[in-house]
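Read through the structure below, which is laid out as structure tokens, and then see the notes.
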């Protein structure tokens, strides 16, 4: 398939060698200042050109009157000038040969000024500029340190490098989810707040991310889609190779009206959307929490079946996990005789050798190691759920190492549940950062496993799936 | 109603003037050491008597061979001696006139030793000792600094003083929930891990908490109930005055088997339990997250109706909140003409005066104040949902003050939603600590509001409910 030039030019947005910040400012509180600062402080490896007709120098960098005054090649631009100047700035970008633009400036179709928006879209299209926005919050590529989000890092944390790319129609929702992900230790490839989508819309972004080697999982927050048919066609094609997790806001009648007032999106009924999503094998999240709960599980190899082995140092958590497992239609694995034998030999006599496997409140990390090793070998088990209560006397940080080493074998998916306060959260974050998806409760983990399973079944239909399957291209 | 002596004696467990730690130890890793240390470090105001036949002094306190050697009156004892010594220790406690005992020691019915458990129960009953346990994790009363939980504070945080009392059949689940609550800033009155419930069971605890002036909301984690009929009778009576939030583990068939193996609880079907809970007007949580999500909302005055006014600085969050509102059967309030007028005058022209009220991404705390004040006055609004995105440029800590001041008026319930990372969590914790229930997402907030509403309707049936009703006795 031939990729349209406009979509291909998104490369300049996410991985530029040089970037102009048009509307750069010397005032610390101005958006155009924060963006230049984020590029410098973030360690962007390429060249940064501040553009401001009234400044000689901004943050130690030479400033230019216009992009046309820059002698060197410029791949991409972030634009944060008043709306009235946007058209002429875009003309300059086109003449300079800039391929990608992130247009932060608002005051277009979201306030009824549709003609003005069409005008700037026409300019971008004339020059094949991949234009994100207007009225957007910017783009983050953790790997290349591209960061045009104008919010300071102490308020909105930046995530580590990872395989999830996230596109959001709402800048605010997008921002708070990125912040949440950063804190939880979840890795991301790209974040795009695409705002009014005057040129590049959700379908263009999906197509780009489908071909993007750094993107393993796509997450989308949508209030509406511009072209439902194309969206479904594109999504259907992508989900054969990469999972897409989506949340659709404005599904209820009252919610649809709120969405219309917010982004002007026209909404269909909740049922219509859900049915369409299902048809395209999208993974639908019902809540913000589920959005990344569902996405992050794909850090693990795809499971070969739905038989779950549960290890816990708290009996009650095992009971709750079993309840959730049954509710989600998953199967409680039967331990093989060999597993039972090896566990009986290694665990204390008061441990009950069954699934869920309660290794008892006095368990240390060695006991976790024994249990994990036995379940790794057991062919009756497809997925291992590791419940770790970090509050107990015997548990310390070494259990985290054991879980990460087991996950690194990439033989079976390993999912963790850690419920608690500061000490627990610290360890949960480490697990997550090293690719072990970690959940706050048995129910949220089981729900994610169930979606994981559904996608694995879909994936195996379209791919030669050696078991367990590796989604990741890079590992 | 006459309260049985055994239940009345629970006072000695929660509010003792003097306490003996039997099995106190000089070894820092021993349970009997950590407990003495927790009482000293926690600032328990009463007397602490370590009991250990082989020590002269423990942590600077004189140690005694037996409680019978202590000259002064002893209200209560924490017992952490090997199982074989428990019977004789309890006899001593009885002779000494000790009224409450927390028996940490395990090795009784949970490992099949039912006779031994019956024997110690008989001793306790002979002396009217309110005995918690055996095989339990202890008791915490934040207000009196009673803390017999043997886990260090860096692993398991201790909650602030508040109105929620939490009883848990599972020590592990109980512990991690307390830890979670401590971190979230949720206040608690009592925490009890009641273990095997040889003497004091869940019904006794409910009866005690029903009369306890410090307890405003009761939360329970149950795997089974010993006497279903009594449980329902007691619960039904209590819920007319105080809300009870309950989670029942072991509801599924596989989960019930796991529960049987864990605490020996026999379980009924999920439907039977849910129907019974409904009949007694218990608030049932389906997940661990919901347990305190539902409980903490009662920090606010009971609402007079289900018309919700939503304020947000992120349009997308307003859309999601509206979706959840409709799903939970709540009503989107219609702003009165007066409210519309006052908002139009005070908010910028690009703000859309409707519900959900989007005060726009550039909102500062003053704009929140204007919006809250208008909704406080509006008689069309029963509940205010405050969505605050702390990531935005205009928001700082002052918005927290405004929300707390509004909540302190106790005219209408004010519920907050704050989604994000470190900066957001810090502010969420402050709001929570000052009695403004704060949620991570619109959906979790709306679900809690819906339970809140249901309980308010039930409460008003049995009480002269001036509107809005005050559950709290102390404020």
Query raised in the report: If you check residue A:372 against the conditions, is it touching a residue at least 24 places away in the same chain (Cβ under 8 Å), over 22 Å from residue A:447 (Cβ atoms), not in a helix (DSSP H, G or I) and not assigned by TED's automatic domain parsing to the domain that holds residue A:219?
Result: no
Query raised in the report: When the residues of region B:233-248 are filtered to those that are touching a residue at least 40 places away in the same chain (Cβ under 8 Å) and within 15 Å of the chain's Cα centre (by Cα), which remaining residue is surrounded by the fewest Cβ atoms within 10 Å (Cβ to Cβ)?
Result: B:242
Requested in this report: Quick one: in region B:392-411, of everything that is surrounded by fewer than 23 Cβ atoms within 10 Å (Cβ to Cβ) and under 21 Å from residue B:468 (Cβ atoms), which residue is nearest to the other protein chains (Cβ to nearest Cβ)?
Outcome: B:402
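Out of A:343, A:389, A:385, I need the residue that is away from chain B (no Cβ under 14 Å) and either assigned to a helix (DSSP H, G or I) or under 25 Å from residue A:183 (Cβ atoms) (or both). Which one?
On inspection, the qualifying residue turns out to be A:343.
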Report summary line: Those residues of region B:351-369 which are surrounded by fewer than 17 Cβ atoms within 10 Å (Cβ to Cβ) and assigned to a helix (DSSP H, G or I) amount to B:366
Query raised in the report: Of all residues in region B:159-175, how many are within 14 Å of chain A (Cβ to nearest Cβ), buried (at least 20 other Cβ atoms within 10 Å of the Cβ) and touching a helix residue (DSSP H, G or I) at 6+ places or on another chain (Cβ under 9 Å)?
Result: 10
Query raised in the report: In region B:143-157, which residues are more than 10 Å from chain A (Cβ to nearest Cβ) and surrounded by fewer than 22 Cβ atoms within 10 Å (Cβ to Cβ)?
Result: B:143, B:144, B:145
Query raised in the report: Condition test on residue A:110, is it within 14 Å of another protein chain (Cβ to nearest Cβ), part of a helix (DSSP H, G or I), over 18 Å from the mean Cα position of the chain (by Cα) and touching a residue at least 12 places away in the same chain (Cβ under 8 Å)?
Result: yes
Report task. Report whether or not residue A:305 is more than 30 Å from residue A:238 (Cβ to Cβ) and either in contact with a strand residue (DSSP E or B) (Cβ under 9 Å, 6 or more places away or on another chain) or in the same structural domain as residue A:222 (by TED's automatic domain parsing) (or both). Result -> no
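Quick grid of which residues meet (1) buried (at least 23 other Cβ atoms within 10 Å of the Cβ); (2) part of a loop (DSSP other than H, G, I, E, B):
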position	(1), (2)
A:425	no, no
A:449	yes, no
A:459	no, no
A:464	no, yes
**Report entry** Count of region A:330-362 residues which are on the phi < 0 side of the Ramachandran plot, in contact with a strand residue (DSSP E or B) (Cβ under 9 Å, 6 or more places away or on another chain) and free of Cβ contacts under 8 Å to residues at least 60 places away in the same chain
**Finding:** 15
Query - Qualifying positions in region B:54-67 - in contact with a helix residue (DSSP H, G or I) (Cβ under 9 Å, 6 or more places away or on another chain) and surrounded by 13 or more Cβ atoms within 10 Å (Cβ to Cβ) - result: B:58, B:59, B:61, B:66, B:67
Requested in this report: Would you mind finding the one in A:45, A:80 that is assigned by TED's automatic domain parsing to the domain that holds residue A:153, in contact (Cβ under 8 Å) with a residue 24 or more places away in the chain and out of contact with any helix residue (DSSP H, G or I) (no Cβ under 6 Å at 6 or more places or on another chain)?
Outcome: A:45
Report task. Can you tell me which residue among A:192, A:146, A:199 is modelled with pLDDT of 95 or more and closer than 30 Å to residue A:253 by Cβ? Result -> A:192
Requested in this report: Being more than 16 Å from the chain's Cα centre (by Cα) and within 14 Å of chain A (Cβ to nearest Cβ) is the filter here, so list the residues in region B:205-232 that pass it.
Outcome: B:223, B:224
Report task. Please indicate, with yes or no, whether at least one residue in region A:249-271 is more than 14 Å from chain B (Cβ to nearest Cβ) and closer than 17 Å to residue A:292 by Cβ. Result -> no
Query raised in the report: Of all residues in region A:274-321, which are within 14 Å of chain B (Cβ to nearest Cβ), touching a helix residue (DSSP H, G or I) at 6+ places or on another chain (Cβ under 6 Å), surrounded by 20 or more Cβ atoms within 10 Å (Cβ to Cβ) and farther than 16 Å from residue A:449 by Cβ?
Result: A:314, A:315, A:316, A:319
**Report entry** Top-ranked residue in region A:12-32 [being surrounded by 15 or more Cβ atoms within 10 Å (Cβ to Cβ) and more than 20 Å from residue A:100 (Cα to Cα); ranked as farthest from the chain's Cα centre (by Cα)]
**Finding:** A:26
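The values are calculated or read from the model by the stated rules, or taken from the named source; none is laboratory data. Because the structure is predicted, anything quoted here is derived from the model rather than measured. With ideal geometry, Cβ positions are generated from the backbone for all residues, glycine too; neighbour counts draw on all protein chains shown.
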